[in-house]
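To start, the structure under review is shown below, and the notes come after it.
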Amino acid sequence: MSAKKWLAAFVLTVILIAVLLMAFNLITDPFGVFGDRIFRWYSYDFTNNPRAAKIAYLDQNHEKYDSYIVGCSSTSSFGTDTFASYTGGKYYNMIMYGADMLDCEQTVSYLIDRYGAKRIVLNVYIDNGVYYDDEPNEYTHSMHPSVDGSNPFMYYLRFLFLNPEYGIAKIRAKINDTWLPQTFDVFDEETGEYDKRKRDVEPVSDTDRYLEAYPVFRNYPKARYTMPKIRECMESVKRITEKCRDSGVELTVVTAPVYKDYLLYFDKNDVKDFYSSLAEVTDYWDFSFSSVSCEPRFFYDETHFRNDVGKMAAARIFSDSERYVPQDFGFYVTKENASEHVRIFDDIENSSSATESVKLPVLMYHNIIEGADGGMNMTPELFEAHMSRLHEEGYNSVTLEELENYVVKGTELPEKPVLITFDDGYIGNYTYGYPILEKYGFNAVIYSIGAYVGADTYKDTGEKIYDHIDENEMLEMYSSGIMSIQSHTFDMHQAVRFEGEGCRSTMAMLDGEKEEDYIKAVHEDLSKSREMLEKATGGRIFSLSFPEGYYNDIVLVSSEDEGFTVSVSTEWGNAEIIKGLGQSLKAMKRIGASELSADALIEHIKNK
C-alpha cells in the first residue's frame, strides 16, 4: 500500500471512529444535554449534572410548570407539591449540586425569559458566601449554554467527544435499574427533586439506631470555612430581586435549615454578616438555625434536611395553623429587624434540641380465648388483669388518629399514653377484648387479615382455624369508637402448615420472584385490603401491621403509596413519636404482651 493510500485509510478510520463516538454519545446522552431523546432516562441525566440536564428536559416539558424553586442541593426538601398546595402554582425544583448564587441568578433569568415563570422560590444557603462563579467539574457542574451564554458549539462538541465510558456506564445502569432509586438515578424527573421515597419512609424514632445509620452525627467532623464571597453573592441576589420585580414575578426568598455542628465550621461574625447582608438586599424567611438544627433526625447530613422539615417551613411561610411548626422555626427577616435577629448565632455551641416527643408503649396482642395455654393466645382473665393494671397506673389509650394529629398538627396526647393493638382479627377480640376495653374506658386497634374475615376454616381446605371477626362485628366495634379496624394485609399472612414452604407467609419477596411482579403483588394486596375494610367499616384505613414484623424498602414505599402512613412492627420496645416527623409513625416498636403477667407488663412499659 502506498503512503497516500495508507494515509487516506488512516484519516478515514479516524473520521469513522469520531463519527461512531459522536453517534454513541448522542444516543446514550449520559448528561442529558441533547434532551435524551432515545433513552429518555432523565433521572439518570439529572444525577450526572442537574444544571444542564434539567434545562434540556424543561425545553421539552416546561409547559407543565409555571413556578420554580431554585438553589443548591438542600433546596430539594422544599417540596413542589407542598408549595403548590398553598399557591396553586405548578412547581419544578431546580436544585443543582453546590449551586453558587451566580448559577441561581443565571437560572432564574432563563426561567423567566424563556419559560415565563410566574413564581420563584430562591434558597440562599450559607455556602453561597463561600463559593461564587465556581465550576469544579466541566461535566458535572457545567451550566447549559442557553443559561450562561457560553459558546454552544464548543459546549456540545465537548459532550459529543465524551469518553465513551460515560455512555457505557449508563447502559450498564439501565440494565441494573430497579424500581427504587440507586446511586445513579437519585432524582424524580417529574418534580426535579431528589427521589426520597426510601428516605421518607425509613424508621427514625430510635436515636441510637439512627446514629448507626447516619454516623456523621455521632462524631461530627471538624473543619473551618471562610466566607470571602458574601458581597458577590448578595449582588447576585439583588439582581434576581430586580429581575423578578421588573418581570412581575412573585419572589419568595428563604434560607434553608443548617445542622448545628455545620454552622460551627464558620466564624460567628461571618455568619451574622451573611444573614444581615441578605436583609439589606431583600426580605426573607430564615430557617437556618433553630431547635430543629439541633436534632439530627431532622437531617440526612450536615446540609440536607428531611422533607417533613420543608413542609414545616412552608407551613410557617403560609401561616398554616393545621401543621405543627416549632415556635422558633422560621422568622421573617427585614432590614429593620435583622441586627436583632442575627443574635441567634451568638451561642450556637450551647444550643440544644427542643424537639417534642413522647415514648409510646404499643401493646401487641393476638387472640383471647378461654383456657389459653400461652403463646399468642391469652385468657380473658389475664387480658382483664392487664387492662385493670393499666387503668390503676393512670395510662390512657390513644387512637391512631390522635397519634397522627400529635405528629402532624402538634395536638397534645393525654398523660401516659398507650396504644393497644391486636393482630390477625380473631373473634376473641370481639367476644372478650371489646367489652373489657369498654369497661375500662380504653380503645384499641384490630389489624385484620382480609382473606380470613369471618372465617373458621382455612380458605378452601376445610381445615379448622380459630374463628375470625366478620364484617358485621367489624362495623359494630368500629361504630362504637372502641375498636379501629386496620390492615394486616389481605392475603400476605398465609399459613405454611396448610400451604407449604414457599407460600407468602410474610410480605417478603418470594424466591425467584421478579421485582416488578413482587411490587405489583404488594400494591394489589394492600389496595384490596384497604378497599375491603373501608367498605366494611366506612372508615379511613391508613395503618398497617406487617405480618410477622417483616418489611423492606419496597414494602415501606408501596404501603405509603397505598395510603398507609402509620405502621407497626414486631420489634420489641417502646416507640418514640416525634412532633413534626411523620416517619416516627413508621414500623413502630411494640411490646408482645400476651405472655406477660400484669405486673411484668407494667415493668416493661416503664423500662423505656
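Below are the figures for this structure:
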read-out	value
Selection within segment 183-235 - assigned to a helix (DSSP H, G or I) and within 17 Å of Cys294 (Cα to Cα)	Thr207, Asp208, Tyr210, Leu211, Pro215, Val216, Phe217
Number of positions in segment 460-471 that are surrounded by 11 or more Cβ atoms within 10 Å (Cβ to Cβ) and either in a loop (DSSP other than H, G, I, E, B) or without any contact (Cβ under 8 Å) to a residue 60 or more places away in the chain (or both)	8
Near pairs, Cβ below 8 angstrom, 6+ apart or cross-chain, from segment 94-113 (closer than 16 Å to Met234 by Cβ and β-branched (Val, Ile, Thr)) to any residue that is part of a strand (DSSP E or B) and modelled with pLDDT of 95 or more	Val108/Tyr68; Val108/Val70; Val108/Ile120; Val108/Leu122
The listed residue being closer than 24 Å to Val186 by Cβ, modelled with pLDDT of 95 or more and of a type in the set (D, E, K, R), out of Asp134, Asp100	Asp100
Qualifying positions in segment 243-260 - assigned to a helix (DSSP H, G or I), closer than 20 Å to Ile69 by Cβ and not small (Gly, Ala, Ser)	Lys243, Cys244, Arg245
Unmet criterion (only one of (1) modelled with pLDDT of 95 or more; (2) out of contact with any Asp or Glu (no Cβ under 8 Å at 6 or more places or on another chain)) for Arg389	(2)
Qualifying residue in segment 504-516 (condition: assigned to a helix (DSSP H, G or I) and of a type in the set (S, T, N, Q))	no
Residue satisfying condition, being touching a strand residue (DSSP E or B) at 6+ places or on another chain (Cβ under 9 Å), buried (at least 19 other Cβ atoms within 10 Å of the Cβ) and not in a loop (DSSP other than H, G, I, E, B), within set Tyr332, Tyr275	Tyr275
Failed item, numbered, when Asn128 is tested on (1) in contact with a Cys (Cβ under 9 Å, 6 or more places away or on another chain); (2) polar (S, T, N, Q); (3) at pLDDT below 95	(3)
Check on Gly192, in contact (Cβ under 8 Å) with a residue 24 or more places away in the chain, at positive phi and crowded, with 17+ Cβ neighbours inside 10 Å	yes
Any hit, segment 54-69, residues being touching an Asp or Glu at 6+ places or on another chain (Cβ under 7 Å), at pLDDT 95 or above, β-branched (Val, Ile, Thr) and more than 19 Å from Leu157 (Cα to Cα)	no
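The values are calculated or read from the model by the stated rules, or taken from the named source; none is laboratory data. Please read all numbers here as calculations on a predicted model, not as lab measurements. Ideal geometry is used to build each Cβ from the backbone, glycine not excepted, and the neighbour counts take in all protein chains shown.
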